[in-house]
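Below is one structure, written out as structure tokens, with a few remarks after it.
The values are calculated or read from the model by the stated rules, or taken from the named source; none is laboratory data. These numbers come from a predicted model, not from an experiment. Cβ placement follows ideal geometry from the backbone for every residue including glycine, while neighbour counts extend to all protein chains displayed. Heads up: the accessible areas ignore ligands, DNA and RNA and are worked out on the full protein's heavy atoms, side chains in. Shrake-Rupley method; radii C 1.70, N 1.55, O 1.52, S 1.80 Å.
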Amino acid sequence: FEPDRGGWNNIRMAMETVLVMAHATGRTLVLPPEAEMYLLKKKGGKHKTEFGFNDFFHLDRLDKEHEGMKIITMETFLKRMAVTGKLGAVTLPDNSRIDWNGRMLEPLWQYLRNVGHIRANWNPNECVAAFPSSRGSDAVERMAQLFDNMASESNTGGRSLPKNEDYHGKPVPVDGSTEERLRELLDKRNGLCIYDVEMQSVPLIHFQAKHRLLTHFYSFVFFEDWKQDVWTKRFVRDHVRCSPPTPPTFSCLFYILRILPYLS
């Protein structure tokens, strides 16, 4: 995935969303190369100016300690998939370079856009990213039919599609029905972006920076299985956070501000 081009909080939100979707799909998350991040760079001197997500999160620990969470570097991915021809006949740019840390990344992004599967319509402002509880066309159709029934009911004078304010002070139980949990999350959005059979079958899904995942994952990603939803939220809460060495009470922002002058 291409990191968001905004400030750190936007970058973090998009990364969390992609991380959650990688786990939800059973895919390996490929981390972007180290690069300058907007507002997290200091010119001059010997300070470090390119950063990767491992500078702020213990993602290598997540990969080792949690079954089903697979995270690798871009260099490892290109060596495994691109160099061996598993992504097709398109040639890697810059003489088949695999180490892109600190480099101009647009040629790499263009390559990945060409060989990867892109869903430009996965817009958090317009749809909910829906993950069926199982693979295959039957599960995909079940999710699509659920939303179609809700929309049809609204169009024929029945229960209207929900708005966020409908649930103020009246949250749906975490183990509520699939329909009620989906209604609560929709909030005026007009459809589902379902992890469908086509997406399930392609070797590589690539998210572009221009298709911004500028949202908290819990307001965009929907799981048909409520237990997976609860597990995911607890997992991100407990493990996907900035973890300074000591003291543990430092906030992520405070740690970043303190550590930036010393990174080299």
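Values as computed for the structure displayed
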| read-out | value |
| --- | --- |
| Residue within the range 81-89 that is farther than 16 Å from residue 30 by Cα and either in contact with a helix residue (DSSP H, G or I) (Cβ under 6 Å, 6 or more places away or on another chain) or touching a residue at least 60 places away in the same chain (Cβ under 8 Å) (or both) present | yes |
| Of all residues in the range 158-208 being small (Gly, Ala, Ser) and under 30 Å from residue 112 (Cα atoms), the one that is surrounded by the fewest Cβ atoms within 10 Å (Cβ to Cβ) | 201 |
| Residue within the range 236-253 that is of a type in the set (Phe, Trp, Tyr), at pLDDT 50 or above and open to solvent by 40 Å² or more (accessible area, probe 1.4 Å) present | no |
| Odd one out for residue 142 among (1) open to solvent by 60 Å² or more (accessible area, probe 1.4 Å); (2) closer than 30 Å to residue 52 by Cβ; (3) outside any loop (DSSP other than H, G, I, E, B); (4) among the charged types (D, E, K, R) | (2) |
| Members of the range 55-73 that are more than 16 Å from the chain's Cα centre (by Cα) and of a type outside the set (Phe, Trp, Tyr) | 55, 58, 60, 61, 64, 65, 66, 67 |
| Matching residues, the range 152-185, being in contact (Cβ under 8 Å) with a residue 12 or more places away in the chain and assigned to a loop (DSSP other than H, G, I, E, B) | 161, 162, 163, 171, 172, 174, 175, 176 |
| Residue among 149, 190 that is part of a loop (DSSP other than H, G, I, E, B) and at pLDDT below 95 | 190 |
| Residue within the range 115-136 that is modelled with pLDDT of 90 or more, under 20 Å from the mean Cα position of the chain (by Cα), in a helix (DSSP H, G or I) and under 18 Å from residue 32 (Cβ atoms) present | yes |
